[in-house]
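Chemist: Have a look at the structure that comes next, please.
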Amino acid sequence: MATTGYLLVDRRDLSEHDRLILKVLQLYYEHDLTQADIARRMGFSRPKVSKLIAEGRERGLVRIEIAEPFGDFSLLEVALENRYGLAEAVVVPSEERRLITDLLAGSAGGALLARVCRPTTVLGISWGRSLRTLVDAVSPRAFACKKILPLVGGMGKAETDLHSNELCATFAERLGVDHGQLAAPAIAPSARFRAELMSTPGIGDILAEGAACDAAVVGIGGILPTSTVVGAEYFTLGEFLGLKEHGAVGDVCCHFLDAEGNPCLPELSERIVGLTLEQLRAIPKTIGIATGAEKGPGVAAVLRGSYVDVLITDQELAEGLLELAP
């Protein structure tokens, strides 16, 4: 179990900036507002909200305490590794408040990257809420790498802070490294339009760099109303949920998979401005991150297809994955 605690301070000694940080922390941790929600509510930019939260953590104004150590999940982790042929599984507690669960998974992802990355490592990332949480959980200069690259297009109508370009820029700034930008949508209107984009200077080059990266972190989606793909308006909600009729159970980097991990919408995959599934599978170290039992079928499909070799997840989803038929 994890709890959120605050440093006891005498409010008479606080500056206006300190009070501002505490209010943002309370809205984020206690009221479960997203950073975008807080930005709209307080009239700030989202990057400013992110910086205030990071400053609050660095100053010890908020801290997350875990009552039971990650080691308690070692048997669960080994069972996942054996069932799905993973190089490593990392399981964090499932908390009553989903935000805390996601923060624990993001922190575990940051710790894992600190082990994996070297000053020469080129790191690729996808998009979405799991990646946003990971980026926000990493402390400044937490580890060294050479460059951060987007693995899928970074434009759309989803919340800006969930786009791959924004995530790359924020992550790179936090680590003090270089980053790439992919000035293209995640899903092009047609395969022909995608081919034209790939011939545009800068787009094909960035994706070629991404395909050659040393390590990657990707979110895993389910066919759920809360999907980032729906928020980006690449599908209406009805169209998206209707993908189940074509056998889709989840996606990775916008490629939709059936229950066995096979691509089931090839005409859609041909429109994705991002890495192919074969390129994703070829990356030496690919880390998938997902929380929530509702994502079980999608995560299982990604694991069965061997598109990631490391999984960061929470207890409820881990147990659900083991309950699924082999």
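The values are calculated or read from the model by the stated rules, or taken from the named source; none is laboratory data. In this text, all values refer to a predicted model and were calculated from it rather than measured experimentally. Heads up, the Cβs are rebuilt from the backbone with ideal geometry, glycines too, and the neighbour counts pull from every protein chain shown.
Chemist: Quick one: what pairs do we get from region 35-55, first residue more than 15 Å from LEU167 (Cβ to Cβ), second of a type in the set (D, E, K, R), C-beta under 6 Å, 6+ apart or different chains?
Modeler: ALA39/ARG46
Chemist: Same structure again: Residue check: is GLU316 farther than 22 Å from ARG194 by Cα and either crowded, with 17+ Cβ neighbours inside 10 Å or among the hydroxyl-bearing types (Ser, Thr, Tyr) (or both)?
Modeler: yes
Chemist: Would you confirm, using the coordinates I've provided, whether PHE193 is buried (at least 20 other Cβ atoms within 10 Å of the Cβ) and either assigned to a helix (DSSP H, G or I) or outside the structural domain of SER130 (by TED's automatic domain parsing) (or both)?
Modeler: no
Chemist: Return the residues of region 250-278 that are buried (at least 24 other Cβ atoms within 10 Å of the Cβ) and more than 22 Å from LEU182 (Cβ to Cβ); say none if nothing qualifies.
Modeler: GLY250, LEU257
Chemist: Related question: Anything in region 213-241 that is of a type in the set (Ser, Thr, Tyr) and touching a residue at least 12 places away in the same chain (Cβ under 8 Å)? List them, or say none.
Modeler: Residues satisfying the conditions are SER227, THR228, TYR234.
Chemist: What number goes with the only condition from (1) more than 16 Å from the chain's Cα centre (by Cα); (2) buried (at least 21 other Cβ atoms within 10 Å of the Cβ) that LEU167 does not pass?
Modeler: Against the list (1) more than 16 Å from the chain's Cα centre (by Cα); (2) buried (at least 21 other Cβ atoms within 10 Å of the Cβ), LEU167 comes up short only on (1).
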